[in-house]
Amino acid sequence: MALESNFEKFGITFENAYTKILNVEYSNSSIEEWVLSEDPDTPPQQVVNKALKIKFDAVTYPSSTSTDVLDSKTYHEIFPTGDSLIESCYAYLKTLPQFTGAVDA
């Protein structure tokens, strides 16, 4: 699985650049939040939600057959579950402006 999109680097637009996710690391964690009531007599309540902290590298090549690296970035994100972890990483990339119009490859 990978993404294909137009990628700009060095003042050049690489059409159908190939971005692949590598080195996915994750750790289970919990996020503490305070829930406030609209009732002033009700004290705030602390809620603990489970979360998955993700770290992954996205490497972009000029094409699917190239070994030359155009760009490599590390992303840190929090996902609610580990279901479809790799697919969730690609879905996250598609939300970023530099991957507008990206399609699954």
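Details
- Projecting label points 7 angstrom from Cα along Cα→Cβ for TYR75 and THR13 puts them 2.2 nm apart.
- Residues whose placed amide H lies under 5 Å from that of TYR61, excluding near-sequence neighbours: TYR18, THR19, LYS20, LEU70
- Mean Cα-pair separation over length for the stretch 3-104, i.e. relative contact order, pairs under 8 Å, 6 or more apart, %: 29 percent
- For the chain: lysine pairs under 22 Å (alpha-carbon distance), excluding those fewer than 8 apart on one chain: 12
- Cα-only Debye scattering, the stretch 3-104: base-10 log of I(q)/I(0) at q = 0.15 Å⁻¹: -0.68
- Nearest 10 degrees, 0 to 90: helix 85-94 Cα axis against the chain principal axis: 70 degrees
- Estimated inter-spin distance, SER64 and TRP34, nm [label 7 Å along Cα→Cβ]: 5.2 nm
- Karplus-derived HN-Hα couplings along the stretch 68-73 (A = 6.51, B = -1.76, C = 1.60, θ = phi - 60°), whole Hz, x at Gly and Pro: 7, 8, 7, 7, 9, 9
- In Hz, Karplus ³J(HN,Hα) per residue of the stretch 38-44 (6.51, -1.76, 1.60; θ = phi - 60°; x = Gly, Pro): 6, 7, x, 8, 9, x, x
- Loop-resident sites, the stretch 1-95, for chymotrypsin sites (Phe, Trp or Tyr not before Pro), counting at most 12 other Cβ within 10 Å (DSSP): PHE10
- Net charge, VAL47 excluded, C-beta distance under 14 Å - Lys, Arg +1, Asp, Glu -1: -1
Every read-out reported here was derived from the displayed coordinates using simple, explicitly stated rules and does not represent laboratory data. Keep in mind that this is a model prediction, so the values were computed, not measured. Positions of Cβ are generated from backbone atoms using ideal geometry, with glycine treated the same way; all protein chains shown enter the neighbour counts.
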